[in-house]
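Peer 1: Pasting a structure here, questions to come.
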Amino acid sequence: MGDEAVNKNNKKQRNILELVWDWFASVKVGISLIVILALGSALGTIYPQVNAIPHPNPNFYYKDTYGTLGDLYHKFGLSNMYTSWWFLTLVLLLGISLVIVSIDRGVPLYKSLKNQPVARKVIALRADRLYTNKETATAADLTALGQALQKRRYKIRTVDGALLAEKGRLPRFGAYVIHAGLIVIILGVFARLIPGWYYDEMVWLKEDESKTISEVGFTVKNTGFQLEYYEGGDRVKKYETDLEVYEGAQKVAEKHLIVNEPLTYNNTLVFQNSFDPTPMFKNGKVEMIDRKTEQSLGTFDINFIDPQETYTVGPYQLKLTNYFPDIKVDAEKGVYTSSNEPYNPGLSFEISGPNLAPTQQWMMPTAPFVEQMLGQEYPFTLKMVDVSLFNMTGLLVHRDLGIPVVYTGCAITLYGLVLVFYFQHRRIWARLEDGVLHIGANTNKNWLGFAKEFNKAVEPLGATAAVLKSKLAKQPENQPEPPHTTESETGREGTQA
Amino acid sequence: MAKTAGSTRVLTILVLLVAAVGIIFAVVKFNNKEVVVLNKGEAAPAFTLQTLDGNQASLADYKGKVVLLNFWATWCEPCRDEMPALQQAYDKYKEQGLVVVAANLDENNITIKGFINQYQLNFPILIDKGREVALDRYKVGPIPTTFIIDKNGVLQSIEQTPLTLMMIEDKIKPLL
């Protein structure tokens, strides 16, 4: 009884899988999937996708920019459509359908073409759309026909008293070549899921700063960034980075990066993508002036990224007691730095020297008025006489190893399209029976062209030129293999014999 | 459809479906890059960092004490807000075996020293150059993040909010 149950169960499972198979193999299902995907893709272009909006919070952006419709658009997930599970599911269903359709139709077609008989019945030959014959023929005529067709690059097979000449069998599989190409494209798109195949992130670099990106296995270093504006305006003319690439301590590549001319290393592209428009302080030369005598006491240099602690100017010692790279002065919060980047440095010095009790003095190069306010009593003026600024460069590091796969898929698809549109599967059968040579022929398209070739091959034998019979006069034979039946060549013989 | 195909078809369709489901899972995983965090009960990852005066300090140096390991920076407002509470807790419980260790996220020495003077801090301050300990070993996301490590070097609590003295007391009293 147990066995029986298992059997029943197996049978049931088998049936379900057969149903699934039929569902995927159905042309209707395939076309529906394509139509839904096309419509879905179109929907996704109504408003920008989340990755393309100039706002960090999509929940507000869509409502504020596009109103209620935009809000609904976002809430229904259309704003993140191409990575949504349902869109990808549809793509995968289409992929499965392509594989199954190809197996369902392609394999039987391949088998029947491989096993097709050389000799067909005369009555079947007579029914072909192209048919002619030669009275009082001999085996020599059959051989001559074979040689003539061979010259036209037909492949010839013969059996006793019969001949089959065939050309362009591969184009018959053009549709399946297209399917294979599409499947390769889908695989290429999903290839980014393989760890290490896909990386797409921004890297921000200060001058002479380097960062190691372990995902792509190298280090990028900014050895210089230039930013130029058009004269008299704040419109950017160009921004360019001198980039060096290191693997470990060894320099392996370098390039002067300009927009749209990326560096390529290790299958990874590094693009000049953007920059930080707010400049940062790099180095400065400060002149120390005695306020009483208004005499210069000398200068000292400050590195704003990693400042040293003590400076000597003439007889005076300056100790940097506090450094705020990005100083903010707030009535409630006091003095603090709001970032780690030297956008707006604030320096607090303790100055000591002969005849001087150690005094605190602030220096804020971008806010001299604060300095003045605080420093009514300061004995010195700390004046920035020279300063070098820099901007942070924004590089996009992009790797997508799936792209060559996608291009390969496109090439295969194009090849399939060429096969389908420009090549035909042509077959000519000849049979010698009772001293008459019967010649019939079939192709999957371009009958007129084929008729010419056919007549050029048969006329030298003394056979009359064949006239192409109308399509209506003939039954289904010209149609490509219809779904859910095996290859019709064999069927044709049976039904028309 | 011809019913001859049998097991190859069954196999094909199963393989395709499994592959598709696998791909969907991979996509979901790819899109929600999971945030890796440490968990309570794990051993606290070992580290050795520079102190402000140029010496080295390791987690192992504090063995036998309850360690309140705080990751911070001077530019982080909530970090500034909780500093007084950390100092109070240190003052109150250091005799009983608490040590507050504040690892700074790679700022320059002068900024850190200035901050310490401003806030009158006297617990050990370490500098996490390159932020390697914070990001790679302790998987710190936002700062301040505070790890409370018991006397055996086991993580007892991970706090991602600025702490008050009361919150610290709640956490450390059972461990002391």
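Peer 1: Any residue at all in the range A:165-179 that's more than 30 Å from A:Phe454 (Cα to Cα) and outside the structural domain of A:Ala148 (by TED's automatic domain parsing)?
Peer 2: yes
Peer 1: While we're looking at this one, here's another question. Could you tell me whether A:Leu297 is within 34 Å of the chain's Cα centre (by Cα) and part of a strand (DSSP E or B)?
Peer 2: Answer is no for this residue.
Peer 1: Now for a separate question. Suppose the filter is within 14 Å of another protein chain (Cβ to nearest Cβ) and not acidic (Asp, Glu); does A:Ile302 pass it?
Peer 2: So A:Ile302 fits the description; yes.
Peer 1: Show me the strands (runs of 3 or more DSSP E) entirely contained within the range A:201-250 in which 2 or more residues are touching a residue at least 24 places away in the same chain (Cβ under 8 Å) and either of a type in the set (Lys, Arg) or farther than 30 Å from B:Glu132 by Cβ (or both).
Peer 2: Fully inside the range A:201-250 and qualifying: A:218-229, A:236-247.
Peer 1: What number of residues within the range A:305-344 satisfy the criterion of being part of a loop (DSSP other than H, G, I, E, B) and either crowded, with 23+ Cβ neighbours inside 10 Å or among the polar types (S, T, N, Q) (or both)?
Peer 2: Here the count works out to 6.
Peer 1: OK, next. Could you list, in sequence order, the residues of the range A:367-382 that are in a strand (DSSP E or B) and either closer than 16 Å to A:Leu320 by Cβ or in contact with an Asp or Glu (Cβ under 6 Å, 6 or more places away or on another chain) (or both)?
Peer 2: Matches in the range A:367-382: A:Phe380, A:Leu382.
Peer 1: Would you mind listing the strands (runs of 3 or more DSSP E) fully within the range B:60-176 where at least 2 residues are open to solvent by 30 Å² or more (accessible area, probe 1.4 Å)?
Peer 2: Filter on the range B:60-176 gives B:155-159.
Peer 1: Only one residue in A:Leu395, A:Leu432 is crowded, with 16+ Cβ neighbours inside 10 Å, over 52 Å from the mean Cα position of the chain (by Cα) and part of a strand (DSSP E or B), so which one is that?
Peer 2: Exactly one residue qualifies, and that residue is A:Leu432.
Peer 1: Follow-up. Criterion first (more than 14 Å from chain A (Cβ to nearest Cβ) and either free of Cβ contacts under 8 Å to residues at least 60 places away in the same chain or out of contact with any His (no Cβ under 8 Å at 6 or more places or on another chain) (or both)) does B:Leu69 satisfy it?
Peer 2: yes
Peer 1: Go through the range B:124-151 and count every residue that is more than 10 Å from the chain's Cα centre (by Cα) and at positive phi.
Peer 2: Selection size over the range B:124-151: 2.
Peer 1: I would also like to ask the following. Identify the single condition in (1) farther than 30 Å from A:Val27 by Cβ; (2) of a type in the set (A, V, I, L, M); (3) in contact with a helix residue (DSSP H, G or I) (Cβ under 8 Å, 6 or more places away or on another chain) that A:Ala119 does not satisfy, given that it satisfies every other one.
Peer 2: (3) is the only condition that A:Ala119 fails.
Peer 1: Something else now. If a residue has to be of a type outside the set (A, V, I, L, M) and part of a strand (DSSP E or B) to count, how many in the range A:349-366 make the cut?
Peer 2: Number satisfying all stated conditions: 9.
Peer 1: Let me ask another. Let me confirm something: among A:Leu432, A:Leu419, A:Leu382, which residue is out of contact with any helix residue (DSSP H, G or I) (no Cβ under 6 Å at 6 or more places or on another chain) and at negative phi?
Peer 2: Selected residue: A:Leu382, the only one of A:Leu432, A:Leu419, A:Leu382 that is out of contact with any helix residue (DSSP H, G or I) (no Cβ under 6 Å at 6 or more places or on another chain) and at negative phi.
Peer 1: Out of B:Asn117, B:Asn70, which single residue is assigned by TED's automatic domain parsing to the domain that holds B:Glu169 and under 20 Å from A:Ser348 (Cβ atoms)?
Peer 2: Going through B:Asn117, B:Asn70 in turn, the sole match is B:Asn117.
Peer 1: Let me ask something else about it. Kindly list the number of the only condition in (1) within 11 Å of chain A (Cβ to nearest Cβ); (2) in a strand (DSSP E or B) that fails for B:Val21.
Peer 2: It is condition (2) that B:Val21 fails.
Peer 1: If you check A:Ile36, A:Ile53, which single one turns out to be under 23 Å from A:Ile96 (Cα atoms) and either among the β-branched types (Val, Ile, Thr) or touching a helix residue (DSSP H, G or I) at 6+ places or on another chain (Cβ under 7 Å) (or both)?
Peer 2: The conditions single out A:Ile36.
Peer 1: Being more than 9 Å from chain B (Cβ to nearest Cβ) and touching a Leu at 6+ places or on another chain (Cβ under 7 Å) is the filter here, so list the residues in the range A:92-121 that pass it.
Peer 2: A:Leu94, A:Ser97, A:Leu98, A:Val118
The values are calculated or read from the model by the stated rules, or taken from the named source; none is laboratory data. Here the structure is a predicted model, which means the values were calculated and not measured. Here the Cβ is made from the backbone with ideal geometry for all residues, glycine too, and neighbour counts use every protein chain on show. SASA here: full protein model, heavy atoms, side chains in, ligands and nucleic acids out. Shrake-Rupley method; radii C 1.70, N 1.55, O 1.52, S 1.80 Å.
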